[in-house]
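Report on one structure; see the data block that follows.
Quick note: the coordinates plus some simple rules give every number you see, no bench work behind them. Treat the numbers as computed from the prediction; the structure is a model and nothing was measured. Glycine also receives a Cβ, built like all others from the backbone with ideal geometry; neighbour counts cover every protein chain displayed.
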Protein chains: 2
Amino acid sequence: MAERIARDANEAFSELKTLSNEQRSQALVAIHDGLKTHKEAILAANKIDMENAVENNLSSALVKRLDLSAGDKFDAMLQGILDVAELPDPVGKITLARKIDEGLNLYRITAPLGVLLIIFESRPEVIANITALAIKSGNSAILKGGKESYQTFKAMSDIVNSTLQTETQVPAAAILLVQSREDVSNLLSQDKYIDLVIPRGSNALVRNIKDNTKIPVLGHADGICHAYVDVSADVLKANRILVDSKTNYCAGCNAIETLLINKDVPGDSITEILKSLTDAKVKLHVTLDLRQYTTTLPQDLVVDAQDADFGHEYLSFDIAVKLVDSVDAAIKHINEHSSKHTETIITEDKESAERFLKGIDSAGVYWNCSTRFADGFRYGFGTEVGISTNKIHARGPVGLEGLMSYQYQLRGNGHIASEYLGAGGSKTFVHEDLDINKVDL
Amino acid sequence: MAERIARDANEAFSELKTLSNEQRSQALVAIHDGLKTHKEAILAANKIDMENAVENNLSSALVKRLDLSAGDKFDAMLQGILDVAELPDPVGKITLARKIDEGLNLYRITAPLGVLLIIFESRPEVIANITALAIKSGNSAILKGGKESYQTFKAMSDIVNSTLQTETQVPAAAILLVQSREDVSNLLSQDKYIDLVIPRGSNALVRNIKDNTKIPVLGHADGICHAYVDVSADVLKANRILVDSKTNYCAGCNAIETLLINKDVPGDSITEILKSLTDAKVKLHVTLDLRQYTTTLPQDLVVDAQDADFGHEYLSFDIAVKLVDSVDAAIKHINEHSSKHTETIITEDKESAERFLKGIDSAGVYWNCSTRFADGFRYGFGTEVGISTNKIHARGPVGLEGLMSYQYQLRGNGHIASEYLGAGGSKTFVHEDLDINKVDL
């Protein structure tokens, strides 16, 4: 069953790969129209999921995430599909053009990856999001939603599949739905047919997937972000940035978990900085040498830090705080303890900032701004499939570009290697770069 | 021990990452000079390896690969280091610049990956090659050579390490040597410290590594390349290209293993094409429907093909041959059976060619030229660390660019997310792309 699904998606990919941008974008418009027409049926299915959720005593936060009828959620979801349709074509962009010899030209051209396996938890709007991104980028997608959103998911995917089949050039198997739990573990072993797994959900979900597949996994398990307040920091800026980075959405992977402060920051400034956090109801886990600066703060919000607090992801209004000797010590601490997501330095000293930006080994390296900006929408990518802490392939917020690979095209006229140096012949290569804006294939 | 090595390499990376192009390139010149000065000692060590190889009855091909004193091999190795030193700096290139809002700018900047684990078999010159590429790209490397080249490897790595320590800013631990077999399997579990494994050697080596690590592996196990002769092929061109693709170096991963011929190619042309291969001593594994065209060929070079011949990597003067109905059938066969390395179409019909180039899902898609061009030197990459059949990250021949990742730098002035739409505020983003050639950080 899993092999059949994966092979079908892969065969659909072979077809999808040859379609034009117009054909792929038209399919998105058709899906948009289909979902719009069947809005009532989808919301009715969604209502059943919500009732089941209440009956099963799921948390109110989860029920809220399930609800497609709230506010303008449904319309925003539909608009998102049209937005993706209107993005520039990510397929077939020439990124290198080189004359290898007379009549023999090399081109590096963007191409879709193949088959994506997307595993997500409760939010049913993800199906529209991912479907749009996958088709626009020429990739097939196998979608596995959480059981909480089964009815909504089924209603939407039936519409997507029938729309693809009857109104578009995109093969219906380009977007496939999977429900049962066994299917997923079997799909994770289909590395012959599936090119990339994208889990969207809890740390536990991501870790479990990473441990159970040979297929590359795009995403992040942890978001352990750091802020470093340099000796030359503007204290008011520091306060603003720290409070935002910690409290704007503390369950987000781009919230900070650890604060490092340069030991030469004046004592009253340190107190002021820490007070801005306790004023925002943040609980400080501080090292002993910081205790002298916390005597005037509410003592229920100050506790002793343990070693394990550094490199820990609270996902709550808690933060670990530590003094460091220098910007270099901050870099060293962060490179050892962070999850390579996003780190920020607060300083008015350009030299310290440049040192930090160059020395930190994370996807996002920030100067004087909140780590909460690490997000595809905020970066201007339109929508995102997730945030990657991988260093291989896509890094940080991942939009359409992260779903692309490339191919080398070589166009000759009977050229053979054995006539050239290194393969038995005497001809030398020209290796002259061509202007990629003037290539006419 | 393995953890210590990996951690040391990772710490060295943190330092190496902050060095300038001049400092990294100077280190390569120093290594070049050190190896040149100690040429006699290295060749003496190499002589011991060669004597041991003969004593242990290793194949003459292997002994030949070990020999650093043959021809200009040593000098070419030294020149290769200087060539890499002179390449443009791959670190710190801005590939995206975007104004997010007034005073808040986003940059995507190339950055090294981190720690590379390179596992290679006999060729001792690889150490110079990889050392140069790693340092130039700002990556640390842990090198594990085959036991056959132990003495040479040890002599060279001692010189590299002492040169780094005494004459350069590059930390000595940026290039580390590992010998024992246990260390390798322990290193493969150091996914906290090692970012990429690059095996250079047999299929068995690559497969074994892929099966035993969670660290991403760059490379290829198989090279199952295809040629397709279209109905509009120029037969003389086909003959040249097929003979070169099959026989120029049949043990290479870029040699073809399967030939597909359009069934509408005239019978005498099919015979002529097959004869060009048997003239070159290639043994044909043909399907039954091809037998009618092989009656005039030497019968010891024509055998019946089995199903398993298609998708098989011979690495010898053997080829599987099959008739297909159309270019679409060729694409389908290839996407199902190839290892996604390199495939070529031979045709004078631009429409068929474009269909093939767009439909094939391999790293290299060629038109009227030999698959043997799939090589970093031939592509003009200088040297290569290998050829990748991965679709994630680097694809095809991998040079310096394939050893790079990137980071997003965000430079603000106290900017916080909560003031913007979507995070609780009302400000909208500007998202205006800046000219990357005019960025002055």
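A label point on residue B:82, set 7 Å along the Cα-to-Cβ line, lies at 6.4 nm from each of its counterparts in the other copies, closest listed first. If r is the Cβ-Cβ distance from residue B:204 to residue A:268 and R0 is 60 Å, what FRET efficiency results, to the nearest 0.05? That gives a FRET efficiency of 0.35. Label-point distances for residue A:303 to the equivalent site in the other copies, using a point 7 angstrom along Cα→C-beta, read 7.2 nm when ranked shortest first. Given a Förster radius of 60 Å and the C-beta distance between residue A:61 and residue A:22 as r, what FRET efficiency does 1/(1 + (r/R0)^6) yield to the nearest 0.05? Result of the calculation: an efficiency of 0.90.
Between A:248, A:161, A:413, the residue with the greatest mean-square fluctuation in the GNM of chain A (Cα pairs under 10 Å linked by springs) is A:413. Using the average count of surrounding beta-carbon atoms within 10 Å as a protection proxy, the listed peptides A:56-68, A:191-203, B:333-345 rank, highest first, as B:333-345, A:191-203, A:56-68. Taking amide H atoms as placed 1.01 Å from N in the peptide plane, the amide H of residue B:111 lies under 5 Å from those of B:92, B:405, B:406, B:407, each 5 or more residues away in sequence or on another chain. For the options B:312, B:393, B:285, a Gaussian network treatment of chain B with springs between C-alpha atoms closer than 10 Å singles out B:393 as fluctuating the most. Distances from residue B:70 to itself in the other copies, using label points 7 Å out along the Cα-Cβ axis, amount to 7.0 nm in increasing order. For segment B:334-441, the residue among B:357, B:406, B:371 whose Cα projects farthest onto the positive side of the dipole built from Cβ charges is B:406. Find the relative contact order for chain B and round it to a whole percent, using C-alpha pairs within less than 8 Å whose residues are 6+ positions apart. RCO, chain B: 18 percent. With a/c under 1.5 counting as rounded, go ahead and sort segment B:158-265 into rounded, prolate or oblate using the C-alpha gyration tensor (a ≥ b ≥ c being the square roots of the eigenvalues; past the cut-off, prolate if a/b is larger than b/c, else oblate). The shape class here is prolate.
Take every DSSP beta bridge whose two residues both sit in segment B:225-381, then give the antiparallel share in percent to the nearest 5. Expressed as a percentage, antiparallel bridges in segment B:225-381 total about 0. Taken about its Cα centre, segment A:1-85 carries a charge dipole of roughly 120 debye when the Cβ of each Lys and Arg holds +1 and the Cβ of each Asp and Glu holds -1.
Result for chain A in a Gaussian network model with C-alpha springs under 10 Å: among A:190, A:165, A:292, the largest mean-square fluctuation is at A:292.
Cβ crowding within 10 Å ranks A:369, A:250, B:253 as A:250, B:253, A:369, fewest other Cβ atoms first. Legend: residue pairs B:263/B:332; A:210/B:144; A:237/A:350; A:237/A:263; A:281/A:358, Cα-Cα distance threshold 22 Å; pairs beyond threshold, A:210/B:144; A:281/A:358. Counting Cβ atoms of other protein chains within 10 Å of each residue's Cβ and taking the mean over peptide A:355-363 gives 5.
Let me know the charge dipole size of segment A:159-230 about its Cα centre in debye, to the nearest 20, where only the beta-carbon of Lys, Arg (+1) and Asp, Glu (-1) is charged. Please report the intermediate quantities before stating the final value.
Values: 6 positive and 8 negative charges, 29 e Å.
For this selection, approximately 140 debye.
From helices alone, chain A scores -11500 deg cm²/dmol at 222 nm; the rule is -39500 (n - 2.57) for each run of n ≥ 4 DSSP H residues, then divide by the residue total. Taking a ≥ b ≥ c as the square roots of the eigenvalues of the Cα gyration tensor, an a/c ratio of 1.5 or more together with a/b no larger than b/c marks the protein assembly as shown as oblate. Exposure proxy ranking for A:159, B:436, B:119, based on other Cβ atoms within 10 angstrom of each Cβ and starting from the fewest, stands as B:436, A:159, B:119.
Dipole magnitude for segment A:225-380: about 380 debye, using +1 per Lys or Arg Cβ and -1 per Asp or Glu Cβ, origin at the Cα centre. Residue and distance for the chain B Cβ closest to the axis that moves B onto A, in whole Å, come to B:393, 2. Pick out, from B:223, B:178, B:312, the residue whose Cα sits farthest towards the positive end of the charge dipole of segment B:175-314, with +1 on the Cβ of Lys and Arg and -1 on the Cβ of Asp and Glu. Final value for the positive-end residue is B:178. Of interest is the spacing of the C-alpha centroids, which for segment B:195-241 and segment B:262-326 amounts to 22 Å. Once you order the gyration tensor axes a ≥ b ≥ c over the Cα atoms, which shape class does chain B get: rounded for a/c under 1.5, otherwise prolate or oblate by comparing a/b with b/c? The shape class here is oblate.
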